[in-house]
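Enquirer: Below you will find the structure I want to go over with you.
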């Protein structure tokens, strides 16, 4: 213990206190370029105000009996422990929405990873029309959900184009009002919409895979599939981790699609999402405390799944 | 997320193709790529074509209409939703976010990349963390704060505030500033230039492509955002197009004469600016710019 506290001020302490040392002290306090604090301050304040504070407030609300009151009014908001959490978890609609996210992720994540990697690999070759293809892949990503939902509603309505093409094979009840198909359809919609962004991520990652690895693989007689399996997939593993985590976050954020595409999570709650239930309980029905508890559970879920996934994908 | 930090983006270089298949022309690959393009583009084609048809024809023949083109759906949607007003609202919302992101984001990105100051590490870590916490989760506390405590419902400020500085854009700025050679800054400092001057007249002109990329990336968020403006605007004259169109779809569409036609016309108006912007500036929205982090 005592040996660890060797005084650093051995010879230095005999020096007169100079301006340099004072500046040194200031530098330890504020950093070498304290102007950086001023530059970064607006962003730091922003993060504190719309991220850190609301996050804390969400947790606080979830442990209290919280309701909306007129601005300025002081009302008692007693601590209620886990009451909001038990209320949320015993609500069948909440449980259904979490199951729905599960269904969503089981469909969306593998499709997203598979198709974006496949299309990115294809696009990574020297082919004509690459720019056109690249743009056409990310057009859905940059377009508002509300706009593309409108056309999907039209395509998948009961006598829409999809059912017309399928003819006698069309599902009955139709896609959006079918309790088994509604959630998978949302998962397909989101996969389609987000894929372009993930293709861009994979394209960036593919540039980091050394070309020599492909050369030596083909020298060893590896075919296309083998070099995809043994060179590409391990080479883009960090990107895969990121793609999976971002897909999970997208799934946890789901709101516009069930709200508009299946008209409020229908039929009968078969396609609700946790955020939709948060909106209904918290803002429509005035129970922000229960809604906050749902939100906290959701974030814990996202963090746990992301962590497990990171561990699984990065293990060698 | 940790990998996202390791590499810096290459400015304006088209991703170099991997040349291992270069000799053979691969038909399966070409078929796959074109099939992909059709799957991505068809709904947009169908959206446009159906928006200019008087009556919606959902049969296969309706995919390639030969006549009956009309703009009546556009006038129909404009009667229910004030398109110009809504577009202006979308523009103010998006413009406000882009302005704040560029001004404060560049400052923060520069500080994070080039200046040593207390709290820099914490700020950087927080910036990365922000990107993994779902925004939607914060709607309840943000609603409580912005609508109930500050009384900012039905205002542009309330709409802009939660999105004001896009963290991904800050990250991009930082990456680009980090790439510039240190000598440049050392020389300018010896010449007695202040940091603000270095940033404005030396660093910023060099990272202009990054600013464009960040603006494009930031644009997508507020222009397409539905939930937040939907929550805080009851006044229809303040609603961005995404919100007023969604309200039309969920409330009015079912009772309209050509319900889908008008909704699709609105969808075209909402989609057009974003698509046009990204086609014109596609050079600045590339793998190397966006996915800066993942090569790692």
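The values are calculated or read from the model by the stated rules, or taken from the named source; none is laboratory data. Owing to the predicted nature of the structure, the values given are computational and were not obtained by experimental measurement. Heads up, the Cβs are rebuilt from the backbone with ideal geometry, glycines too, and the neighbour counts pull from every protein chain shown.
Enquirer: With at pLDDT below 90, crowded, with 16+ Cβ neighbours inside 10 Å and either closer than 29 Å to residue A:133 by Cβ or in contact with a strand residue (DSSP E or B) (Cβ under 8 Å, 6 or more places away or on another chain) (or both) as the only criterion, which of A:227, A:247 stands out?
Expert: Working: A:247 fails: at pLDDT below 90.
Exactly one of A:227, A:247 is at pLDDT below 90, crowded, with 16+ Cβ neighbours inside 10 Å and either closer than 29 Å to residue A:133 by Cβ or in contact with a strand residue (DSSP E or B) (Cβ under 8 Å, 6 or more places away or on another chain) (or both), namely A:227.
Enquirer: Mind checking which residues of region B:148-160 are surrounded by fewer than 24 Cβ atoms within 10 Å (Cβ to Cβ) and in contact with a helix residue (DSSP H, G or I) (Cβ under 6 Å, 6 or more places away or on another chain)? If you could, list the steps in order and put the result at the bottom.
Expert: Looking only at region B:148-160, we keep the residues that are surrounded by fewer than 24 Cβ atoms within 10 Å (Cβ to Cβ), and these are B:148-158, B:160.
Result: B:152, B:153, B:154, B:156, B:158, B:160.
Enquirer: Looking at (1) buried (at least 19 other Cβ atoms within 10 Å of the Cβ); (2) within 22 Å of the chain's Cα centre (by Cα); (3) touching a residue at least 60 places away in the same chain (Cβ under 8 Å), find the lone condition where residue A:59 falls short.
Expert: For residue A:59, the failing item is (1).
Enquirer: On to the next question. For residue A:277, work out the one condition from (1) under 27 Å from residue A:110 (Cα atoms); (2) facing chain B (nearest Cβ under 9 Å); (3) buried (at least 21 other Cβ atoms within 10 Å of the Cβ) it doesn't fulfil.
Expert: (2)
Enquirer: Say whether the condition of being more than 10 Å from chain A (Cβ to nearest Cβ), in contact with a helix residue (DSSP H, G or I) (Cβ under 7 Å, 6 or more places away or on another chain) and not in a helix (DSSP H, G or I) is met by at least one residue in region B:188-199.
Expert: No - not one qualifying residue is present in region B:188-199.
Enquirer: Tell me the helices (runs of 4 or more DSSP H) entirely within region B:218-296 that contain at least 3 residues that are crowded, with 19+ Cβ neighbours inside 10 Å, modelled with pLDDT of 90 or more and touching a helix residue (DSSP H, G or I) at 6+ places or on another chain (Cβ under 6 Å). Break it down into steps so the answer makes sense when it comes.
Expert: Values: elements: B:227-232, B:241-247, B:259-280, B:287-290.
Here the list reads B:227-232, B:241-247, B:259-280.
Enquirer: Has region A:299-307 got any residue that is within 10 Å of chain B (Cβ to nearest Cβ), touching a helix residue (DSSP H, G or I) at 6+ places or on another chain (Cβ under 9 Å) and within 23 Å of residue A:67 (Cα to Cα)?
Expert: So far as region A:299-307 goes, yes, one or more of its residues are within 10 Å of chain B (Cβ to nearest Cβ), touching a helix residue (DSSP H, G or I) at 6+ places or on another chain (Cβ under 9 Å) and within 23 Å of residue A:67 (Cα to Cα).
Enquirer: Just to be sure I understand, how many residues within region A:57-92 are within 21 Å of residue A:298 (Cα to Cα) and not in a loop (DSSP other than H, G, I, E, B)?
Expert: Adding up the residues that qualify gives 15.
Enquirer: Restricting attention to region B:153-177, which residues are away from every other protein chain (no Cβ under 11 Å), at negative phi and part of a loop (DSSP other than H, G, I, E, B)?
Expert: Within region B:153-177, B:155 is the sole residue that qualifies.
Enquirer: Condition first: away from chain A (no Cβ under 12 Å) and farther than 30 Å from residue B:185 by Cβ. Now tell me which residues in region B:82-117 satisfy that.
Expert: B:82, B:83, B:84, B:85, B:87, B:88, B:89, B:91, B:92, B:93, B:95, B:96
To keep it simple, each residue is scored yes or no on (1) at the interface with chain B (Cβ under 9 Å from one of its Cβ atoms); (2) touching a residue at least 12 places away in the same chain (Cβ under 8 Å).
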{"residue": "A:179", "(1), (2)": "no, yes"}
{"residue": "A:204", "(1), (2)": "yes, yes"}
{"residue": "A:216", "(1), (2)": "no, no"}
{"residue": "A:229", "(1), (2)": "no, no"}
{"residue": "A:236", "(1), (2)": "yes, yes"}
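Enquirer: Given (1) more than 28 Å from residue B:44 (Cβ to Cβ); (2) buried (at least 16 other Cβ atoms within 10 Å of the Cβ), where does residue B:196 come up short, assuming only one miss?
Expert: So the condition that residue B:196 fails would be (2).
Enquirer: Take region A:165-187 and flag every residue that is buried (at least 17 other Cβ atoms within 10 Å of the Cβ) and assigned to a helix (DSSP H, G or I).
Expert: Those that are buried (at least 17 other Cβ atoms within 10 Å of the Cβ) and assigned to a helix (DSSP H, G or I): A:175, A:176, A:177, A:182, A:183, A:184, A:185, A:186, A:187.
Enquirer: For residue B:79, are the conditions met, namely being assigned to a helix (DSSP H, G or I), exposed (fewer than 13 other Cβ atoms within 10 Å of the Cβ) and at the interface with chain A (Cβ under 10 Å from one of its Cβ atoms)?
Expert: Taking the combined requirement at face value, the residue does not satisfy it.
Enquirer: Note down all Cβ pairs under 9 Å where the first residue falls in region B:270-296 and is within 30 Å of residue B:81 (Cβ to Cβ) and within 9 Å of another protein chain (Cβ to nearest Cβ), the second is in a loop (DSSP other than H, G, I, E, B) and modelled with pLDDT of 80 or more, and they're at least six residues apart or on different chains.
Expert: Between residues of region B:270-296 that are within 30 Å of residue B:81 (Cβ to Cβ) and within 9 Å of another protein chain (Cβ to nearest Cβ) and residues that are in a loop (DSSP other than H, G, I, E, B) and modelled with pLDDT of 80 or more, the close pairs are B:270/A:143; B:270/A:144; B:271/A:143; B:271/A:144; B:274/A:143; B:274/A:144; B:275/A:143; B:278/B:285.
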